[in-house]
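Right, one structure below, let's go through it.
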Amino acid sequence: MRWEPSGRMEDFRRGCLACRARFSFWGGQLHAVFDSESEEQTLSLGRKLGGFLSRGDVVGIKGELGAGKSVLVRGICEGLGIKQRTRSPSFTFMNRYRGPVDVYHIDLYRIGDPGDLATLGWEEVVYGEAITLIEWAEKLAPFLPPVSIEVDIEVTGEETREIRLAAVAERQKSIIEDVLMTCEQDDERDTGDTRD
Ligand SMILES: Nc1ncnc2c1ncn2[C@@H]1O[C@H](COP(=O)(O)OP(=O)(O)OP(=O)(O)O)[C@@H](O)[C@H]1O
Ligand SMILES: [Mg+2]
């Protein structure tokens, strides 16, 4: 069945002139693109996304070195109510943060070949009850569950980033819709735009 944007998405498209976000639909996926102009804006987007995640969700994050993947992870964890400081796992590849829902933070930067992946035990984590956030997710791309939310961070300037969120599964699409809606409210507040 072909996915159609919900009524609120059509309203968003019509009404959100002040937004730093936009969306499109292609390849069976919903894509939402957010412009970030600072680390703080990326953190804030992460907090919003974190606020809508629940058990079993997987977020795969792509982007070059220094793109802001770890900044986004920090925001997501804050949004999830994690009090612990997030720290990129280096030689362990995987950190666990305890919170209302446990979060696994995986960083695959140092993964060399698929053989290394086998030693990680990532399947139990990714298909388990916790929330999993994966930096350098491209290294695990063929194995990620179809319910993942894909994030791609493109560096467009020293402090500017284009952050793309994409999902194919219904519930994950609606998470992205929710994030878009909260961005609309925030941006309108920032610009003093009070249109209905
Ligand atoms: N708009 C922005 N969003 C996020 N980070 C930004 C932005 N502008 C500048 N930065 C800076 O970019 C850097 C991003 O670092 P971060 O560790 O999050 O990148 P990363 O993608 O995780 O890199 P790595 O591949 O090394 O793990 C930080 O120093 C941050 O201050
Ligand atoms: Mg990082």
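We did not get these values from a lab; they are worked out from the coordinates using the rules stated. Here the structure is a predicted model, which is why all the values come from computation and not from measurement. As a convention, Cβ positions derive from the backbone with ideal geometry for all residues, glycine included, and neighbour counts pool all protein chains shown.
Quick notes
- Between Asp102, Asp116, Asp178, the GNM of the chain built on Cα springs shorter than 10 angstrom shows Asp116 fluctuating the most.
- With at most 13 other Cβ atoms within 10 Å, longest stretch of the chain clear of loop trypsin sites (Lys or Arg not before Pro) (DSSP): 111-194
- Within a Gaussian network of the chain (alpha carbon springs, distance under 10 Å), most fluctuating of Trp26, Trp136, Trp122: Trp26
- Per residue, the chain reaches -10000 deg cm²/dmol at 222 nm when only DSSP H runs of four or more residues are counted, each adding -39500 (n - 2.57).
- Loop sites in segment 79-153: GluC sites (Glu not before Pro), DSSP, at most 12 other Cβ within 10 Å: Glu129
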